[in-house]
Amino acid sequence: MRSPAPLSLVLVLGLATGCGGSTEADPSAPEGAAGKLAGRPDIVLVTVDTLRADHLSTYGHPRETSPNLDRLAARGVLFERAYSTMGTTLPAHLSIMTGLYPHQHGYVANHGVSGGFESDESRRAVAEILRDDGYRTAAFVSGQTVGRVTGIDAGFEVWDQHDYEKIVSMESTSRHSSETTDRAIEWLDSAPDEPIFLWVHYWDPHEPNMPHEEDRNRIAASEAVERLIDERQIRPEVLREAFDDDELARLFDPVWGREGGEIDLPPIDRDAVRDLLDRYDADVLAVDRALGRLMDALEAAGRFEEAIFVFTADHGQALGQHDWLEHGRIQGENVHVPLVMRFPGEVVEQPLHVEEVVSIVDVFPTVMARLDTAAAAELLAQASGEDLFSGEYLRRFAFSQRSVRERDWEPGDDTDGLKFGLTTERWKFYHRPEGPDELYDLEVDPGELHDVSTEHPDVMRTLRRHVESIVNRRRYIPGESGEPLTVEQQRYRDALSAIGYTDGGEAAEKEEDD
């Protein structure tokens, strides 16, 4: 892979190949901007639930967990510092699909919404936009937090999800990546000649982490992983005291996770942490193998070279870091996600290795900007995300919000009130409207262990203004148009109002312009 290069150096080179057509230079575009593709290329999106970037060998993990993602990155664009908008599945996926932050598309938790996602003229999902533009749309999803009931199926003509009669265990509510891939490939084998938008969603790295034996056997003991436990300052004794048995069982009692029934916890010690990391890495391997099969199927169908292909994740997983086990929070391990894009022909210089900070809200603005269609213009007009290859990308920060939900069992001091995060090249800033703000210097403290807020008051003021500006931009809460609010929605709106971020929810605020 080539050395890191700034986005401003992405060049328009030559002609694209395949049915994507030729690259067209726009004489009005800024110097260095990427071109557009003639026609309508296939678009393939792969999202992986609960996949933290630093457990992929592509992103420097000491184990070889992602050889197929390496293969994709060697032909595409790897973004080293991509961040999610939230450490929660549905809101993060809706941010990918709409180019909007959670407080703008209206879903700030997996639960507590008044019905499913419903688009309007300023909040349309990309599948709807592409379907109306002549694309055949299909989705194959593996977990219930992006099931049809959430409304994220908007715009998909074919919708394939894992259904079950009753919850026997955690595992019964999802399906393995191999089965989801089988179904996606079966559809590809008979896919129409029209351009397609295909979304494939994998669940495997999500707890309870019950990898198939073939993947578990590929995970060997590693001194480098032992060092990770120390570097991340994972404290088993603190986890044992902070969480109750039910929550510990989600991560440390695999049999309970698979079969339900009586909890039989092992000692929560270093061996248990090591076993958790091993099982998580084995599930990452499974997803990577599924990715390879999907890429091979697209190649066999003659679609890969002509497609725009995107691989990313909704959020990461704490795995004991910061004395936390799961996701939902917005420390780096929960919002730093992989992002690899591949484009047809030479519309974007590839392979390319990008170090700038970007957000998942930028995914579809970047993809759609390569299309010279009205559909592309519609998505770009609504999105808060940006075209990363416009030649004018200047944002250089990623905004995240903590999930808005009450979980009585949740330990620690990070559970009450709103919390927003801003990641820049150097800083990680947390704004708590109802509590103390925090600041971490990522250049010397990438693990976010030492709060330096008192040492940099000017930085604090500047970043706080950025957060407040973003939160005030195009706020939207489902139900504001007349439907009654749920208890959670009312609590969220009241909290925003109490700290000056809303005016009580007048409808006019919904359409506030960027």
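The values are calculated or read from the model by the stated rules, or taken from the named source; none is laboratory data. Bear in mind the structure is a predicted one, so any value in this text is a computation, not a measurement. Neighbour counts are summed over all protein chains in view; Cβ atoms, including those assigned to glycine, are modelled from backbone coordinates with ideal geometry.
Observations
- Ala369 being without any contact (Cβ under 8 Å) to a residue 40 or more places away in the chain and farther than 24 Å from Leu442 by Cα: no
- When Gly385 is tested against (1) at pLDDT below 95; (2) assigned to a loop (DSSP other than H, G, I, E, B); (3) in contact with a helix residue (DSSP H, G or I) (Cβ under 6 Å, 6 or more places away or on another chain), exactly one condition is not met: (1).
- Looking only at residues in the range 465-483 that are in contact with a Leu (Cβ under 9 Å, 6 or more places away or on another chain) and not in a loop (DSSP other than H, G, I, E, B), the one that is modelled with the lowest pLDDT is Val471.
- Residue-level check: of (1) within 30 Å of Asp230 (Cβ to Cβ); (2) at pLDDT 60 or above, Trp409 misses just (2).
- Of the candidates Ala16, Ala73, Ala34, the single residue that is among the hydrophobic types (A, V, I, L, M, F, W, C), modelled with pLDDT of 95 or more and either surrounded by 24 or more Cβ atoms within 10 Å (Cβ to Cβ) or in contact with a Pro (Cβ under 7 Å, 6 or more places away or on another chain) (or both) is Ala73.
- Residues of the range 115-131 that turn out to be buried (at least 21 other Cβ atoms within 10 Å of the Cβ) and not in a loop (DSSP other than H, G, I, E, B), as a count: 4
- Residue match in the range 363-370 (condition: touching a His at 6+ places or on another chain (Cβ under 9 Å), surrounded by 23 or more Cβ atoms within 10 Å (Cβ to Cβ) and in a helix (DSSP H, G or I)): no
- Whichever residue in the range 158-176 is within 22 Å of the chain's Cα centre (by Cα) and either farther than 17 Å from Asp246 by Cα or part of a strand (DSSP E or B) (or both) and, among such residues, is modelled with the lowest pLDDT: Thr173
- Among the conditions (1) surrounded by 18 or more Cβ atoms within 10 Å (Cβ to Cβ); (2) touching an Asp or Glu at 6+ places or on another chain (Cβ under 9 Å); (3) at pLDDT below 90, Ser403 misses just one, which is (2).
- Taking the criterion of being free of Cβ contacts under 8 Å to residues at least 40 places away in the same chain and closer than 16 Å to Ala282 by Cα, the only residue of the range 231-252 that qualifies is Phe252.
- The range 218-230 residues that are part of a helix (DSSP H, G or I), paired with ones that are of a type in the set (Ser, Thr, Tyr) and at pLDDT below 95 (beta carbon under 9 Å, 6 or more apart): Leu228/Ser222
- Phe309 being free of Cβ contacts under 8 Å to residues at least 24 places away in the same chain, more than 29 Å from Tyr430 (Cβ to Cβ) and not small (Gly, Ala, Ser): no
- Residues satisfying the stated conditions in the range 54-70, i.e. part of a loop (DSSP other than H, G, I, E, B) and surrounded by fewer than 24 Cβ atoms within 10 Å (Cβ to Cβ): Gly60, His61, Pro62, Arg63, Glu64
- Residue selected from the range 90-111 under the condition over 13 Å from Asp314 (Cα atoms) and in a helix (DSSP H, G or I), by the criterion modelled with the highest pLDDT: Thr98
- Count of residues meeting criterion [more than 25 Å from Glu213 (Cβ to Cβ), touching a Phe, Trp or Tyr at 6+ places or on another chain (Cβ under 8 Å) and surrounded by fewer than 15 Cβ atoms within 10 Å (Cβ to Cβ)] in the range 237-282: 2
- Leu130 being of a type in the set (A, V, I, L, M) and out of contact with any strand residue (DSSP E or B) (no Cβ under 8 Å at 6 or more places or on another chain): no
- Some residue of the range 297-304 being modelled with pLDDT of 95 or more, small (Gly, Ala, Ser) and under 30 Å from Glu241 (Cα atoms): no
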